[in-house]
Amino acid sequence: MAINASPMYQKAEERYRCASSPAEKIDALNEMLRLVPKHKASEKLQQLIKERIKKARDEMGKAAKAGAAQQHDPLSVPRQGAGQVLLLGAPNVGKSSIVGALSKAKVEIAEFPFSTHAAVPGMALHEDVPIQLVDAPPVMDGHPQPGMINALRKADAILLVVDLAAIELIDQFQQCVQLLVDHKMSPVSTAELSYEEDDDDGGADDDELGVLGREEDDGAAAALPKRVLVVANKADTPDAMENYETFKELAETDLKMLPISTTTGNGLPEMMHELFNLLNVIRVYAKKPGKPVEKKDPIILPVGGTVEDMARTIHNEMADNLKHARIWGGTVHDGQQVTGGHVLTDGNVVELHV
Ligand SMILES: Nc1nc2c(ncn2[C@@H]2O[C@H](COP(=O)(O)OP(=O)(O)OP(=O)(O)O)[C@@H](O)[C@H]2O)c(=O)[nH]1
Ligand SMILES: [Mg+2]
């Protein structure tokens with residue numbers, strides 16, 4: 001029996017996998033429960049989600065009693081925009097400079113290393129899509145600050161920054177990759193994440209229960225795939241491009257990388273474009289009936305998101321009462337009428353009819 005979970009559901013499940021506190025788990029599970037298709041085949045899954053919510057509530061209660069409720073995640077930042085991208089890198093490579101160059105965030109930039117001590121979020125734009133960049137303290141010799149691992153697990157993508165003017169360029173890269181691997185994250189350059197299935201020990205149904213069906217045997221939990229873009233900063237410095245070529249050769253990695261310079265701005269638009277692709281989202285626009293097509297205030301949906309998903313981001317009732325929609329842009333004829341199940345593409349303008 002197929003459950004046919006939507007991309008929106010899968011996104012919520014992705015958040016559940018990365019959750020590091022009971023409150024985050026409850027939040028993601030509630031979203032999963034709201035989005036899970038309600039039919040016979042998914043009853044077992046709905047039941048499991050409810051059980052997990054209860055378990056997370058119990059955990060939260062226990063933590064509160066133990067006085068751990070105030071314990072906070074020092075580098076945790078609430079997600080905003082189309083996705084959260086955390087910067088990871090050795091000291092002085094230019095992490096703060098990147099966030100400073102692309103957003104209004106007040107970052108500490110200094111010639112000396114270890115100038116950043118806290119997570120500082122900034123909103124950067126890819127065209128009209130806001131993407132949250134989070135500046136973070138450096139990682140030295142593979143040793144992260146408290147809270148860094150949680151922050152890495154929770155981020156939708158990681159921007160791994162290295163310094164083309166540094167002799168230890170390759171080490172900078174390898175230590176960051178090793179840090180992820182050591183903490184059960186598997187760096188990938190693909191937008192669509194595929195989760196490694198555990199060995200077939202749970203019966204046929206469990207496959208369709210996703211992360212919930214496999215959660216209990218976390219002793220040998222599979223690594224969490226993590227989207228990573230590598231940027232080699234300070235491309236304006238002498239010999240930088242030669243160093244970049246050597247780096248590409250010696251790094252022996254399939255991860256996508258590109259040279260940038262925060263000083264000249266070279267490569268930054270391409271970097272934002274790559275991040276947008278990596279986040280696996282599309283932007284669509286709502287159009288009011290009778291009003292002209294206007295591309296303003298994009299609504300962000302996961303790749304594969306439908307007209308109904310879009311309606312639901314505006315209001316649940318809108319989705320429940322949806323009769324049809326008309327669409328402009330993309331592969332359809334302008335103004336073509338479609339139903340709620342129609343899969344949207346990046347840049348579509350949609351007129352919802354209830
Ligand atoms: N030439 C050149 N220098 C840069 C570039 N980007 C940053 N810098 C310089 O590199 C130094 C470190 O920059 P930061 O942005 O503070 O580096 P960071 O990675 O945030 O450093 P920590 O927070 O200490 O880890 C500063 O002196 C910057 O001016 C660049 O593209 N080219
Ligand atoms: Mg910094």
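Could you list, in sequence order, all residues of the stretch 213-249 that are aliphatic (A, V, I, L, M), under 20 Å from Q178 (Cβ atoms) and at pLDDT 95 or above?
Answer for the stretch 213-249, where residues must be aliphatic (A, V, I, L, M), under 20 Å from Q178 (Cβ atoms) and at pLDDT 95 or above: V228, L229, V230, V231, A232.
Can you name the condition, by its number, that A66 falls short on among (1) more than 14 Å from ligand 2 (Cβ to nearest atom); (2) in the same structural domain as T262 (by TED's automatic domain parsing)?
That leaves (2) as the condition not met.
Spot the failing condition for V350; the list is (1) of a type in the set (A, V, I, L, M); (2) surrounded by fewer than 19 Cβ atoms within 10 Å (Cβ to Cβ); (3) modelled with pLDDT of 90 or more, and only one is missed.
Among (1) of a type in the set (A, V, I, L, M); (2) surrounded by fewer than 19 Cβ atoms within 10 Å (Cβ to Cβ); (3) modelled with pLDDT of 90 or more, V350 violates only (2).
Does the stretch 319-340 contain at least one residue that is touching a residue at least 24 places away in the same chain (Cβ under 8 Å), under 20 Å from K11 (Cα atoms) and in contact with a Ser or Thr (Cβ under 7 Å, 6 or more places away or on another chain)?
yes
Provide a single number: the residues in the stretch 128-138 that are without any contact (Cβ under 8 Å) to a residue 60 or more places away in the chain and in a loop (DSSP other than H, G, I, E, B).
Matching residues across the stretch 128-138 total 1.
Results for (1) crowded, with 19+ Cβ neighbours inside 10 Å; (2) in contact with a strand residue (DSSP E or B) (Cβ under 6 Å, 6 or more places away or on another chain); (3) outside any helix (DSSP H, G or I); (4) at pLDDT 95 or above, shown as yes or no for each residue.
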site: E274; (1), (2), (3), (4): yes, yes, no, yes
site: V284; (1), (2), (3), (4): yes, yes, yes, yes
site: P289; (1), (2), (3), (4): no, yes, yes, no
site: P292; (1), (2), (3), (4): no, no, yes, no
site: L301; (1), (2), (3), (4): yes, yes, yes, yes
site: M318; (1), (2), (3), (4): no, no, no, no
site: Q337; (1), (2), (3), (4): no, yes, yes, no
site: G340; (1), (2), (3), (4): no, no, yes, no
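In the stretch 127-138, how many residues are away from ligand 2 (no atom under 16 Å from the Cβ) and either under 14 Å from L179 (Cβ atoms) or under 15 Å from the mean Cα position of the chain (by Cα) (or both)?
Qualifying residue count, the stretch 127-138: 4.
Residues to consider are I98, I149; find the one that is closer than 24 Å to F276 by Cα, in contact (Cβ under 8 Å) with a residue 24 or more places away in the chain, of a type in the set (V, I, T) and more than 12 Å from ligand 1 (Cβ to nearest atom).
Just one listed residue meets the conditions, I149.
Looking at the stretch 187-198, can you tell me whether even one residue there is assigned to a strand (DSSP E or B) and within 21 Å of the chain's Cα centre (by Cα)?
Within the stretch 187-198 (the criterion being assigned to a strand (DSSP E or B) and within 21 Å of the chain's Cα centre (by Cα)), the answer is yes, since at least one residue qualifies.
Every residue, every condition in (1) within 12 Å of ligand 1 (Cβ to nearest atom); (2) in contact (Cβ under 8 Å) with a residue 24 or more places away in the chain; (3) closer than 21 Å to Q178 by Cβ; (4) within 22 Å of the chain's Cα centre (by Cα), yes or no:
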site: A56; (1), (2), (3), (4): no, yes, no, no
site: G81; (1), (2), (3), (4): no, yes, no, yes
site: V85; (1), (2), (3), (4): no, yes, yes, yes
site: L88; (1), (2), (3), (4): yes, yes, yes, yes
site: I109; (1), (2), (3), (4): yes, no, no, no
site: A118; (1), (2), (3), (4): yes, yes, no, yes
site: G122; (1), (2), (3), (4): no, no, no, yes
site: M140; (1), (2), (3), (4): yes, yes, yes, no
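For the stretch 191-210, check the following and say yes or no: at least one residue is modelled with pLDDT of 90 or more and either small (G, A, S) or within 16 Å of ligand 2 (Cβ to nearest atom) (or both).
Checked the stretch 191-210: no residue is modelled with pLDDT of 90 or more and either small (G, A, S) or within 16 Å of ligand 2 (Cβ to nearest atom) (or both).
Of everything in the stretch 79-126 that's of a type in the set (V, I, T) and assigned to a strand (DSSP E or B), which residue is nearest to ligand 2 (Cβ to nearest atom)?
Going through the qualifying residues, I end up with V120.
Quick check on V161: is it within 12 Å of L75 (Cα to Cα), part of a strand (DSSP E or B), at pLDDT 95 or above and within 16 Å of ligand 1 (Cβ to nearest atom)?
no
The values are calculated or read from the model by the stated rules, or taken from the named source; none is laboratory data. All figures in this text were calculated on a predicted structure; none of them were measured in a lab. Cβ: placed from backbone, ideal geometry, glycine included. Neighbour counts: every protein chain shown.
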